[in-house]
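Read-outs throughout are calculated quantities, based only on the coordinates presented, and are distinct from any laboratory measurement. What you see is a predicted model, and the numbers here were worked out from it, not measured in a lab. Cβ placement follows ideal geometry from the backbone for every residue including glycine, while neighbour counts extend to all protein chains displayed.
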Amino acid sequence: ESELFEGRFEVEGLGPCEVLLEGQITLVQEKEQSKLKGAAPSAAPEAHEALRQGKLPTHARVRVRPLQPVGGRRPTTERLAIRPYPQELEEIVADHDGRRYRLRPIRPEDEPALRHAFTRLSPHAVRMRFFAPLRTLEHAMAARLTQIDYDREMAFVLAAPLEGGVEELYGVGRLSADPDNVRAEFAVIVRTDVAGKGLGRLLMEHILSYARARGIGEVHGDVLA
């Protein structure tokens, strides 16, 4: 997303000038190093002349030093405001028939696949999961279910590739923790056309394992009678 950054620069002959950096800013976390790459800046009024004279850079790049260990502990993604996609949680699993799936955290770009998977649910399965007889999964709800904060909730999907590199989703297991990370609510749903193959149990066991690793003490869920 576009961001706006302010700074003060020493310009020869003019002294300090306030400068605005406006453009695409990308945060990349790679192992223990983060980088910020910025686009062309636009100067404040008093720095316009210096910019025209070529005394200010037309592009800027900022490198952020790796976090230093604190108290003997290595820095982790917990110090970031938004936890990046946890690729380390991806793994290959199989159902009772030996069919293989990629079990991984959900991503924002999964919205079309999630909405397609919804069309493979029976009315009963929809009612048991959403507590309402939904006919379609609208964009607003699908976006909410796919665009999550991985530090506060988690949703694991069972995905299998189609032609062209597109993945199809067959099940989702979700865990939403309270602010204190003490209790969490779970929800599991599997497409009706692959029911009875052990995918629901597989997702449930994975959710519980993840909850234990996060230090969550209680997992609960609502079920329609």
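Taking the number of Cβ atoms within 10 Å of each Cβ as an exposure proxy, the fewest-first ranking of Ser176, Ser209 is Ser209, Ser176.
Beta carbons within 10 angstrom, averaged per residue: use that to sort the peptides 90-99, 103-112, 125-134, highest first.
Numbers: 90-99: 12.0, 103-112: 17.2, 125-134: 13.9.
Ranked by mean Cβ neighbours within 10 Å, highest first: 103-112, 125-134, 90-99.
Under 5 Å from the amide H of Gly221 lie the amide H atoms of Phe186, each residue being 5 or more positions distant or on a separate chain, with H modelled from the backbone and absent for Pro and chain starts. Residues whose amide H lies under 5 Å from that of Glu168, counting only those 5 or more places away or on a different chain, are Ala160, Leu162; hydrogens are built 1.01 Å from N in the peptide plane.
Arranged from fewest to most other beta-carbon atoms within 10 Å of their beta carbon, Asp222, Asp178, Asp151 become Asp222, Asp178, Asp151.
Note on Leu224, Leu114: ascending count of other Cβ atoms within 10 Å places them as Leu224, Leu114, the fewest first.
Our coupling estimate for the range 168-179, obtained by passing each phi through the Karplus curve with A = 6.51, B = -1.76, C = 1.60 and θ = phi - 60°, is 10, 9, 10, x, 9, x, 10, 9, 10, 8, 6, x Hz, Gly and Pro reported as x.
I'd like the antiparallel share, as a percent to the nearest 5, of DSSP beta bridges with both residues in the range 75-225. Present the calculation step by step, with values, prior to reporting the outcome.
Working: 24 of 27 bridges.
Within the range 75-225, antiparallel bridges account for around 90 percent of the total.
Taking θ as phi - 60° and the Karplus parameters 6.51, -1.76 and 1.60, the scalar couplings of the range 189-197 work out to 9, 10, 4, 4, 6, 10, 5, x, 10 Hz in sequence order, x denoting glycine and proline.
In angstrom, the C-alpha Rg and Dmax of the range 103-225 are 14.1, 43.
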